Every structure is written in C-alpha cells, then in structure tokens.
Amino acid sequence: MHKRWMRKVGMVGAVAALTLAACNGEEDAGSGDDATGNGESSSSGDADTLRVALIGGYEMSSTTDPITGETVEGLEVIKDEFESQNPDIEVEFIVMPWSNHVANTQAMMSSGEADIYQMPGINDFAAQGMLEPLQPLIDEDGFDLDVYIDNQVEGWLTQGPDDDDLAIYGLPAFGDSRFVAYDGQLFEEWGVEPLSDYPDMEEILEKAEQMTGENPVTGEQNYGAWFSGEHSTLFQLVNAAEGQNRQWGEGYEWSEIEFAFNSDEMVTGLEWLVDINEFTPDGNMSAQGNEQWMTENNNIAIRLHAESAEIIQQVQAQGLEDRIHVVQEFKNDEGIGGMFAGSPLSIAADSENQDIAFEFLKFTASDFFQEFMWEQHSGVPVVEAASDWASIQELELMEGVLEAAANPWTPRYPWSSSQPRYILQTAVEDALTGGTDAEDALENAQAESEQWLEDR
Amino acid sequence: MTATVPKKKKSGQSYIWYLFLLPTIVGIVLFILYPVYESFRLSFFRSSGASETWVALSNYERVLTSSSFWNSVYNTFYIAFFQLLIAIPLGFIIASFINSITRFQNFFKSVFFLPHVTSMVAAAMIFSFVLHPEMGLFNYFLDSLGLPTSSWLSHPDSSKGGVVLLTVWHWLGFVIIICLANLQAISSELYEAADIDGASGLQKWFFITIPNMGGTFAFLLVIGWIAGLQRFNEVFVFGGASGSPSRSLQTMVLFIYERGFSGFEFGIASAATVILFIIILVLTLINLRLARVRM
C-alpha cells in the first residue's frame, strides 16, 4: 500500500513536472519571438542589458507594409547600430500596443520591467515619482538640447512630486504634430483660393461653406470640412481659443491650475465649431463620413486638426503629393498654438542602468535613429537636422508638418489625460449635437472641472 | 479490519484529487479573489497606482454624487432592458418556428447562431458601417421602405438604439438555441391531449408552451442582465472611453475604465466597481426571486 501511495505521488510529480516543462516550453517559444528581442539576450556575454519599452506596431525583423506593399525594416536595425556603437550594452525591446498602453506601462513600471519607456503620458508618471529627472544626466554629459526642433523639449516638461518648477523627465523621440490639411484639387474645382499659410476661423468657415454641395466639375457631393466629433474635438476648440490670444486656463500643478473653459474666446470657438459642423458629413460625430478622405475620390475639402500619422504615409501610398497640402492650426500673436503631440522617452526612476539608458536617449536624437523612424515608419522627426534630409525635402507638405511640430502650445496641456479632458469633450459634443448651446455647455464644463479639482 | 482499509483508500484518493485541483485553485485565488480584494481595498484610498492616501468613504461619495456615474447607470440599464425586451420574445418566437418545422432545422439553428460566435469587437466594427448615417445598410433599408433615416451612432438620441440593434443581433442566436432546448424537452403528450380537446395551434402555444418556458426565461433574464450590466466591448468600439456622443454610450464599466485607466483615479474606479458588484448582486437576487415566483 505504501508503494501504491508512492506511485501516486510519483505520478502527480510527473504530471507537475510535465506541466512545468510545457509552460517552460511556451516561454521558450515566446522568447524566440522577435517582437521582444529576448531570443538573443540569453547568448550575451558580460554586456549590460538595457530594456526599452516602446508603444506601437513595431517588429524586431522586417515586415511588409500592408498599404504600400514595401518592406519595412524592424527594430533589429536600431539594436544592431546601437550595440555596434556601444559594444558593452545589449538592447532588448519590449513592444506594447497603443490600446491600453497607460495601464500596461503602469503595470510594467510597478514591476520594474524596463529601463526606458516611451512615455506619452509623462505628466502622470512623473507626478508619481516613477521617472528619473534628466537634467543632471544632461549636465553631466554636456548633451546639447539644441539638436531638437524648437519647443520639442519644452513640450514634455513636467513636474515630479518634489519639484517646484517644470523639469525634464523625457526627451523627444517620436514626433507628431497637428495641422490643417486640404485638398488643392477640390479648391481648384470650386474656384476657391487655397488656404493661407496661417488661416483664421473666419477664412476656414467661409471656404468650407463655399465648397459644400455639388462639385461644379465632378457633380459629386462635396463637404467643406471634416473633423472627428469624438475623442479629441476639444483640442480643436482649445486651439480656436489660442487663435484668439487666449488659452485653456493656467497653472501646471493641480493645486495651481485654474480653468478658463467658459471664457468668451472658448465660447466663440465652440460656436465656430458648431457653425462649421454644418458643412461636414453627417457621420463626423462618430468619426465617420471621411471614408473617401485621402483617396483619389476624396470629397472633403478641409481636414481640421489633422494628424501627421494619418496624412504622411497615405499621401505617399495614394500618390496624392500634389493634391494634399498642409497649413498651420490657429496661432496666437506670438506664433504659438495647437496641441503638442508625440512621445518622449523616459528613464525609470528605479532603473539600475540609468547611465547607459541616457546613452540610448542620446542615440534616439541621432540622424540614424530619426531617419530610420521617418523612412521606415513615417514618424515625424524631432531633430533640426531633418529639414536638410533629401527624403524630407522631396515631400512638400513636410515643411508645414515640421513647422507645426516647432510651434505648438507647450508644455502640453497638463489635464489632457485627466477627467477635465473628458468633461470638456462632453461639453463640445453636447453643443455639436444640439443638446445645449455653446455658452451653457462650457459653463457646465467649467463648473464640473472646478468641482473635480476641488474634490481630488 | 476489512472496514478500515477502504476508508483509508478513500481518504487518500480525495487528497490526490485536491492536488489536481491545486493549479486551478491557485489561479482563482491569484487572478480572481486577490484582484477582488485589492479592488475593494483600493476603493477606500485615493490611488494613482503608485501612491495611496486613505480617504475612507470619500470615493463612494464622489461616485454616488457624480452625474456622469448616474448617466452611465441609466445607459447601462437602458441598453440591457431593451436588449432583453426584444431578444428574448423574438428569440422565443423564432425558436418556436424552427421547432415546428421538420426540415432544415439544423440549417436555421446554425444561421441564427452564427452571430453569437462572432467576436463582439469585430461585429461592432462592422455595425459601425451598417449604421453609417449616409452609406449604411440600415438607413438604406429604412429609406427604401419610405421610413425616416437616423443618425444612429452620431447623435445621442439614436446612439443607444444602434447599440441595442447590435446586441440583439449578436445575442439572438443564443436565445434561440436555449429556447429550442427547452421546447424540445416539453412532453409531446401535453400537445396530444390538447389536440384531443380541440385546442388550436395558438392556444397550445399560449397555454402549454409558454408556461413550460418559465425556467428558460428566468435563466435568460439572469444571464442577460449580468452580461448587460458588464457591457464594455461594443460601446467602447462605438464611442471610446467616454461613450461618445455626449456620454450617451458610457456604461458603468466604461465609467470605471475612463476613471481608472484614462485618468489614473484607481480609487474612484474601484469604488464604482464595488457599487457595480452590489447592483449586479441585488438585481440577480431580484431576478431569481421573481423567476421562482413565476415558476
């Protein structure tokens, strides 16, 4: 009987061992996946390992672009170049998708998964004390921040828990910008003058109205403008206020922030959005109606608050270089205005590799890294040198895109990842769908945001 | 002596089976019980993920006095109520028709069940085109019948209707299959007796079939309410975290997601989660009580 008992224990042990072996096998299979680059880490010698967490659809090895059909080189190019420049450092990339990136980053940081993080939500993480202040490392290294396009470093300034002033917790790596894009061919067909380089609200409204209706040449239904009525419309509204020399409010720390969502300029901006909404396709409130935008059969004249990621690759893929043009969003008298966007890279406060992590941050400001991201992933460069690259000069609209990257509102709106953002967006949607008028909607948003500030 | 040996053997066997259960139990403890406990604990703190401050019941107060929370409660109940109101009777009627035919039963079962095995995220993305205000199939259909078209997902007055349509389409197959299982279990003797008494088909349906469906309807109500109160995927695809337009699609789970993962207010999100748990618990108890009374 004792033997039988031992046999049973042995059997359970064997099953457990097999289960563990199977789990281990899965891990091995996972580590062979190029997406993380872990497969090669086990073979390293004495090199320090630097773990870099990125967000997006990056792959380690080459892939085929589903739109253009062209080969897109993977992060292994970056890894090889950095490691050849720094033989004592080995890089591992961890790539997460944009969906749920905030929660994923939070979880990764809590468990110390990486040394460097792509950090679009830098304010929230810096405020938690999870990011390393970079100014001491910059000073020690003598790194020249002038390599970056104007305002790119300033855009990511934020405050840690012990800071009295704004400080550097991230350096720009992945550029982005917001601008007004328009279809020159539709303007020509309607006999309307192209948009000026710095259009105001009146010009856009007037031209959008002129180009809504049956196209005089093609006979197709055209719409004067399009903007997404959900998620980010509030930034178009804030930019409209900036164009009138006003801003969303002031302050940076929560205890100092004062909202001005109900200012006269914001009300005027929202009324303008309501007016221009008349010249958009019906579905824009659910981000629809723009299905033909960026195609040969485009029926939209002006795209407000356009994103570089939406425009650049499609213009090239669809051969629309001669049709689609870019002008600036609304600027104040100092030439500043529009939402600051993109992603910096930050070093985790608990990283044990902060010195070599800073080496990687400097590397991302190199022409090699920036040109790779631009040419392979259509990422907007963040360095001044980009305007001299042949590949940038070949694409006319990049002049406007880079200009937009140099003069947005900085630092980025401190509340843009917090509840006031959703409160203001709801107010905009209320006004655009006729639920309430612009003034009441913004009064509600102001009251609700102030209440939120008081309660937090 | 002979009586003690089997007893020992039985005791050893049960111990072994507990060992086999151990991986599952560990999984439940780690991935269900611990997160539930942690969520409950967090509901008493102001938490941004890294730092925590004890705030007692303040998070509950903020959630319960928040107009956007009650708006999300209304949206959740509205969508779930109309989904159940349409899907259960319609599914039952279709199941009755399928049950009454002798050929192609399996074909119809498969056709109606197909939407249910489709990913809700994929279905929602397709429905955003079906409900497109200008090019959508639904408006084309309404227009060809001479009926007024709708803005569907682009207007707060019609957006919830669009979600109800999707959820009914997606859930109908499940209702049909469950109802069919019950229909086929009703004794044929009852119908034969009714035939002898001269009952019409409609009378048999009303006085034999429907009274025998009580348990199934109760099951569908409970399952449907619980799923309805946890609604996330389709409304997130349609309207994002804030349930655009104008928070008209923001359900309770979206409210939790917005406050937790978009705004780092984990304490508020946890308090809302506990409130949602209580609502589901109370509603399920009421549903079960009502179903028991009817049965």
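The values are calculated or read from the model by the stated rules, or taken from the named source; none is laboratory data. Please read all numbers here as calculations on a predicted model, not as lab measurements. Using ideal geometry, Cβ is built from the backbone for each residue, glycine included, and neighbour counts are taken over all protein chains shown. When the accessible area is computed, the model is the full protein with side chains, heavy atoms only, and any ligands, DNA or RNA have been set aside. Shrake-Rupley method; radii C 1.70, N 1.55, O 1.52, S 1.80 Å.
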Mind listing just one residue for me: the one in the stretch A:412-427 that is closer than 21 Å to A:GLY342 by Cβ and assigned to a helix (DSSP H, G or I) and, of those, most open to solvent (accessible area, probe 1.4 Å)? A:ARG421
Examine the stretch A:300-313 for a residue that is over 30 Å from A:GLU454 (Cα atoms), of a type in the set (S, T, N, Q) and modelled with pLDDT of 95 or more, and state whether such a residue exists. no
Answer yes if at least one residue in the stretch A:187-206 is touching a His at 6+ places or on another chain (Cβ under 8 Å) and of a type in the set (Phe, Trp, Tyr), and no otherwise. no
Evaluate the following for B:THR209: is it under 30 Å from B:THR53 (Cα atoms) and away from every other protein chain (no Cβ under 14 Å)? no
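Per-residue answers, yes or no, for (1) assigned to a loop (DSSP other than H, G, I, E, B); (2) in contact (Cβ under 8 Å) with a residue 24 or more places away in the chain; (3) in contact with a Gly (Cβ under 7 Å, 6 or more places away or on another chain):
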| site | (1), (2), (3) |
| --- | --- |
| A:LEU50 | no, yes, no |
| A:LEU54 | no, yes, no |
| A:SER61 | yes, yes, yes |
| A:ILE67 | yes, yes, no |
| A:MET109 | no, yes, no |
| A:ALA114 | yes, yes, no |
| A:ALA126 | no, yes, yes |
| A:GLY129 | yes, yes, yes |
Taking interchain pairs and intrachain pairs at least six residues apart, which have beta carbon atoms under 6 angstrom, with the first residue in the stretch A:255-284 and hydroxyl-bearing (Ser, Thr, Tyr) and the second at pLDDT 95 or above? A:SER263/A:ARG246; A:THR280/A:TYR223; A:THR280/A:ALA225; A:THR280/A:TRP226
Residue check: is A:ILE122 within 13 Å of chain B (Cβ to nearest Cβ) and in contact (Cβ under 8 Å) with a residue 40 or more places away in the chain? yes
Given the conditions (1) surrounded by fewer than 11 Cβ atoms within 10 Å (Cβ to Cβ); (2) outside the structural domain of B:ALA241 (by TED's automatic domain parsing); (3) hydroxyl-bearing (Ser, Thr, Tyr), which single one is not true for B:SER39? (1)
Please determine whether any residue of the stretch B:127-137 is open to solvent by 30 Å² or more (accessible area, probe 1.4 Å) and either more than 14 Å from chain A (Cβ to nearest Cβ) or touching a Pro at 6+ places or on another chain (Cβ under 6 Å) (or both). no
Filter the stretch B:219-242 down to the residues that are at pLDDT 95 or above and at positive phi and list them by number. none
When residues of the stretch B:171-223 are filtered for being touching a Lys or Arg at 6+ places or on another chain (Cβ under 6 Å) and within 28 Å of B:ARG289 (Cβ to Cβ), how many remain? 1
Filtering the stretch A:311-324 down to residues that are within 18 Å of A:ASP197 (Cβ to Cβ) and under 21 Å from the mean Cα position of the chain (by Cα) yields A:ILE311
Taking into account only those residues within the stretch A:72-92 that are charged (D, E, K, R) and touching a residue at least 40 places away in the same chain (Cβ under 8 Å), which is farthest from A:GLY379 (Cα to Cα)? A:ASP88
Among residues belonging to the stretch A:283-301 that are in contact with a helix residue (DSSP H, G or I) (Cβ under 6 Å, 6 or more places away or on another chain) and assigned to a helix (DSSP H, G or I), point out the one that is surrounded by the most Cβ atoms within 10 Å (Cβ to Cβ). A:MET285
Residues that are facing chain B (nearest Cβ under 10 Å) and either farther than 18 Å from A:GLY251 by Cβ or outside any helix (DSSP H, G or I) (or both), drawn from the stretch A:433-456: A:THR433, A:GLY434, A:GLY435, A:THR436, A:ALA441, A:ASN444, A:ARG456
Within the stretch A:102-118, restricting attention to residues that are closer than 23 Å to A:TRP254 by Cβ and modelled with pLDDT under 95, which residue is surrounded by the most Cβ atoms within 10 Å (Cβ to Cβ)? A:THR105
For the subset of the stretch A:157-192 comprising residues that are touching a helix residue (DSSP H, G or I) at 6+ places or on another chain (Cβ under 7 Å) and of a type in the set (D, E, K, R), which member is farthest from A:ASN298 (Cα to Cα)? A:ASP176
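Checking the conditions here, which among B:SER158, B:SER154 is surrounded by 20 or more Cβ atoms within 10 Å (Cβ to Cβ) and within 13 Å of another protein chain (Cβ to nearest Cβ)?
When all the criteria are applied, what remains is B:SER154.
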Those helices (runs of 4 or more DSSP H) lying entirely in the stretch B:48-137 with at least 3 residues in the same structural domain as B:LEU166 (by TED's automatic domain parsing), of a type in the set (Phe, Trp, Tyr) and without any contact (Cβ under 8 Å) to a residue 24 or more places away in the chain: B:67-100
Residue that is farthest from A:SER61 (Cα to Cα), among those in the stretch A:353-398 that are in contact (Cβ under 8 Å) with a residue 12 or more places away in the chain and charged (D, E, K, R): A:GLU396
Which of (1) within 21 Å of A:PHE187 (Cα to Cα); (2) surrounded by fewer than 24 Cβ atoms within 10 Å (Cβ to Cβ); (3) in contact (Cβ under 8 Å) with a residue 12 or more places away in the chain is the odd one out, the single condition A:GLY219 does not satisfy? (3)
Within the stretch A:330-410, considering only helices (runs of 4 or more DSSP H) that don't extend past its boundaries, which have at least 1 residues that are open to solvent by less than 20 Å² (accessible area, probe 1.4 Å) and within 28 Å of A:GLY319 (Cβ to Cβ)? A:367-377, A:390-393, A:398-406
Quickly run through the stretch B:138-151 and pick out the residues that are facing chain A (nearest Cβ under 10 Å) and open to solvent by 70 Å² or more (accessible area, probe 1.4 Å). B:THR149
State the number of residues belonging to the stretch A:187-210 that are assigned to a helix (DSSP H, G or I), surrounded by fewer than 17 Cβ atoms within 10 Å (Cβ to Cβ) and touching a residue at least 60 places away in the same chain (Cβ under 8 Å). 1
In the stretch A:132-153, what residues are closer than 19 Å to A:SER387 by Cβ and either open to solvent by 30 Å² or more (accessible area, probe 1.4 Å) or free of Cβ contacts under 8 Å to residues at least 40 places away in the same chain (or both)? A:ASP144, A:LEU145, A:ASP146, A:VAL147, A:ASP150, A:ASN151, A:VAL153
Read through the list (1) within 13 Å of chain B (Cβ to nearest Cβ); (2) on the phi > 0 side of the Ramachandran plot, then give the number of the only condition that A:THR280 fails. (2)
Residue pairs, Cβ under 8 Å, 6 or more apart or interchain, first in the stretch A:318-331 and in the same structural domain as A:THR68 (by TED's automatic domain parsing), second in a loop (DSSP other than H, G, I, E, B). List them. none
Of (1) of a type in the set (D, E, K, R); (2) part of a helix (DSSP H, G or I); (3) touching a residue at least 40 places away in the same chain (Cβ under 8 Å), A:ASP430 satisfies all except one. Which? (3)
